[in-house]
Structures are given as structure tokens and as C-alpha cells.
Amino acid sequence: MNVRKPTDYSGLFAALDTLMAANLPQMELYCEIGRLVSGRPEKGAAVAAAEYLHSAYPDLPGFSPRNLRWMRDFYRAYAATPEVLAEAMTIGWTQNVVILEAELTFQERAWYIRAVRQFGWTKLTLAEQITSAPHKKVALDVGLEVCYTEENSTTERVSDDEDTFYLPRKYLEGFSKSL
């Protein structure tokens with residue numbers, strides 16, 4: 001039998017009421033709830049907060065004990081790196097939970113957060129991608145839209161004789177029309 005020790009959660013409950021009154025966007029609210037729960041040393045803080053939110057705000061979904069533990073874990077995972085936290089705040093909650101549930105390193109989590117933002121992956125697609133592990137093959141830091149034109153080319157030709165396969169652009173225009 002699991003018996004709770006008497007603990008005063010009145011400060012936590014007052015802080016939760018303040019957060020709920022602030023009408024924060026979902027990700028900000030969940031992050032702040034995670035911060036509050038994470039700041040409590042008691043093992044049952046997430047459960048106590050969930051029970052309080054459920055009784056005080058019965059019409060609002062998303063405050064199960066499991067979800068509050070995820071909020072706590074979300075905050076703990078990214079609190080030390082504000083830039084990754086800011087990126088994680090821009091994707092959906094369910095996608096964040098999928099990333100947290102997977103056995104990933106911090107760098108891999110950051111990769112998947114960027115990938116969700118870049119490719120617009122749904123929860124299902126994200127789960128499939130994590131299983132196939134594209135983070136081991138694809139670097140997201142390299143821009144995917146590279147176009148080699150005369151304006152952004154980094155190589156300069158000194159002479160047409162250097163490369164026997166070099167054909168100036170003006171000759172290619174007529175060639176492509178004849179095909």
C-alpha cells in the first residue's frame with residue numbers, strides 16, 4: 001500500500017492557480033507546470049498537482065499524473081539549454097512526449113526537435129522516423145536548398161582551357177531548347 005506522508009502543497013497549488021489564470025499557450029503552461037513540479041523534492045508532487053488541477057479545473061484535459069510527470073521531465077530535459085528549450089516549445093506537446101519517451105541522447109533529441117520543425121512531422125511520422133534512426137545519417141545543420149548559379153558559385157574559371165568539359169552558360173541556353 002502506498003501511503004503519502006503529510007505534505008503541505010498549498011504553495012504549489014497557489015502557483016498552479018496563478019499559472020492557470022495567466023492563460024498561457026499550452027507549451028508555455030506545460031513547461032511552467034513542469035518547472036513547478038520539478039522544484040518540489042517530494043516524490044508525489046506530480047500526482048498531488050495532477051489531483052489538484054483535476055479537481056480545481058475539471059473541464060480542462062491534459063492534467064493526468066502521467067502527463068504532469070512528462071511536464072516535469074520536459075522541463076528537466078531542456079532547462080539547462082534555453083536554445084533547445086525554445087525550439088522544443090515550437091513543436092506540439094505529443095511530439096515532445098514521443099521524443100522524451102524514446103531512448104535518445106540529448107543531441108539526438110535536439111536533432112529530432114529540429115527535424116519536426118523543418119519537415120513538419122506528425123506524431124506518427126516522428127515515431128516512425130525515430131525507429132528508422134535518420135539522425136545517424138542526415139545532418140540537419142547543412143541547408144538542403146543549395147542552388148549553384150553564377151551568383152552564388154564559389155569557383156571561378158580563369159580560362160575555358162582548364163576544363164575540357166566546361167561550356168559557358170550562353171551556349172547551354174540554345175542546347176536545352178533543341179532537346
(message) Quick check on region 49-62. Is at least one of its residues closer than 21 Å to Gln95 by Cα, open to solvent by 30 Å² or more (accessible area, probe 1.4 Å) and over 20 Å from the mean Cα position of the chain (by Cα)?
(response) yes
(message) Please go through (1) open to solvent by less than 80 Å² (accessible area, probe 1.4 Å); (2) closer than 30 Å to Arg114 by Cβ; (3) at pLDDT below 95 for Asn23 and return the number of the only condition it doesn't satisfy.
(response) (1)
(message) Ser10 - would you say it is over 20 Å from Arg109 (Cβ atoms), open to solvent by 60 Å² or more (accessible area, probe 1.4 Å), hydroxyl-bearing (Ser, Thr, Tyr) and without any contact (Cβ under 8 Å) to a residue 60 or more places away in the chain?
(response) yes
(message) Quick test for you: out of Ala139, Ala115, pick the one residue that is part of a helix (DSSP H, G or I) and open to solvent by less than 70 Å² (accessible area, probe 1.4 Å).
(response) Ala115
(message) So, Thr94, is that one surrounded by fewer than 19 Cβ atoms within 10 Å (Cβ to Cβ) and at pLDDT 95 or above or not?
(response) yes
(message) Here are the criteria: (1) within 19 Å of Ala14 (Cα to Cα); (2) in a helix (DSSP H, G or I). Tell me which single one Glu42 does not satisfy.
(response) (2)
(message) So, in region 79-109, how many residues would count as being part of a helix (DSSP H, G or I), free of Cβ contacts under 8 Å to residues at least 12 places away in the same chain and either touching a Lys or Arg at 6+ places or on another chain (Cβ under 9 Å) or over 17 Å from Gln129 (Cα atoms) (or both)?
(response) 3
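The values are calculated or read from the model by the stated rules, or taken from the named source; none is laboratory data. Remember, predicted model here, so these are calculated numbers, not experimental data. Virtual Cβ from ideal backbone geometry, glycine too; neighbours counted across all protein chains shown. Ligands, DNA and RNA are stripped out before the accessible areas are found, and what is left, the full protein with its side chains, is counted by its heavy atoms. Shrake-Rupley method; radii C 1.70, N 1.55, O 1.52, S 1.80 Å.
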